[in-house]
Amino acid sequence: TAPTVTLTHGAEMPRLGLGTWPMDDSAAEATVAAAIELGYRLVDTAENYGNERGVGRGLKASGVPREELFVTTKFNKRWHGVELAAEAYERSLDLLGLDYLDLLLIHWPNPAHDRYVQAWQGLARLLERGRLRAVGTSNFKPTHLERVIAETGVVPDVNQIQLSPTVTRESARAYHAKHGIVTQSWSPIGGQRNEVLGAPVVVELAERHGRTPAQIVLRWHMELGLATIPKSTDPVRLRQNLDVFDFSLTAGEVAAISALDQGDAAGADSDVSGH
Ligand code: A2P
């Protein structure tokens, strides 16, 4: 299993877990069960992925006690309101077949809609009532975080953002660190594009360490102090992606990987204004 990080509101969150996009219900069910069997303890889903039912079945099928698992989901813009966020929470619990969530995230800030502060107040209320162990955001820029913190006084435990060697998000990471917000990387190995895993520096380090390129990249996230949720449906890859806690990269090796950065604008979420 992966080591954990202690979040601001006290929960222990595994540093590495399973991402489940894109997976349909049946792929999610099989993959979640297989991943937990391999030692994964964190599973990340979302309303948007359309697979919460399958994820829930996989969690159950694993036979691992609920309290040993860390389950994250996210809700969409239609639930951006104080009461609406509580409805989104209940809706996800129903689909997942759970009686509590560890972490609930606002999936996107949708700044044009301008209701994310109300959504955040809804999450803060759920946290206060003990329905959640942690609260967070996804795809929030420092300006959005600044507002939720200023207007509610509640600091997110986690901000989940697209982050990989080609999109290193240095200024976001610095902002998160200053506020004790854990950065959780989505698409940590660069998603379906192969440019990160095929990069010469990554391939060379893989040879040097006797590891796969994906393991080098996931270890880079760990060296930077991040949390992450690589996605795979392949049992061999699931196993190798979790197996990154018995070697390390030097500061120079970390810097060589970080040099692949193409800037925040290279991210798929660089423009969140209209969505
Ligand atoms: P697959 O599910 O067929 O394994 P990310 O988590 O960065 O979004 O990346 C997910 C993509 O990378 C998926 O296309 C996944 O495909 C692939 N992938 C996941 N783990 C590995 C690995 N260890 N080696 C190569 N490709 C991987």
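No lab work stands behind these numbers, since they all come straight from the coordinates. This one's a predicted model, so the numbers in the text were calculated from it and none came from an experiment.
Quick notes on this structure:
- Mean separation of Cα contacts under 8 Å, 6 or more apart, over the residue count of the stretch 1-153: relative contact order %: 20 percent
- Cα gyration tensor shape of the stretch 95-142, rounded if a/c is under 1.5, else prolate or oblate by comparing a/b with b/c: prolate
- Anisotropy class of the chain from Cα gyration tensor, a/c 1.5 cut: oblate
- Relative contact order of the chain, taken over Cα pairs closer than 8 Å and 6 or more residues apart, is 19 percent.
- Ellipsoid semi-axes in whole angstrom, largest first, where each is sqrt(5λ) of the Cα gyration tensor of the stretch 143-240: 30, 13, 11
- Rounded to the nearest Hz, the phi-derived 3J(HN,Hα) couplings of the stretch 219-230 under the Karplus curve 6.51 cos²θ - 1.76 cosθ + 1.60 (θ = phi - 60°) are 5, 4, 4, 5, 4, 7, x, 8, 10, 7, 9, x, where x marks glycine and proline.
- C-alpha center-to-center spacing [the stretch 101-140, the stretch 180-256] in angstrom: 28 Å
- Residue with peak Gaussian network fluctuation, the chain [Cα springs, cutoff 10 Å], from Phe247, Phe140, Phe75: Phe247
- Amide H contacts for Thr168 (H built 1.01 Å from N in the peptide plane; partners 5 or more residues away or on another chain; cut-off under 5 Å): Gln262, Gly263.
- Taking the DSSP beta bridges with both ends in the chain, the antiparallel portion is around 15 percent.
- Between Thr4 and Arg15, the built amide H atoms are under 5 Å apart, and every one of these is 5 or more places off in sequence or on another chain.
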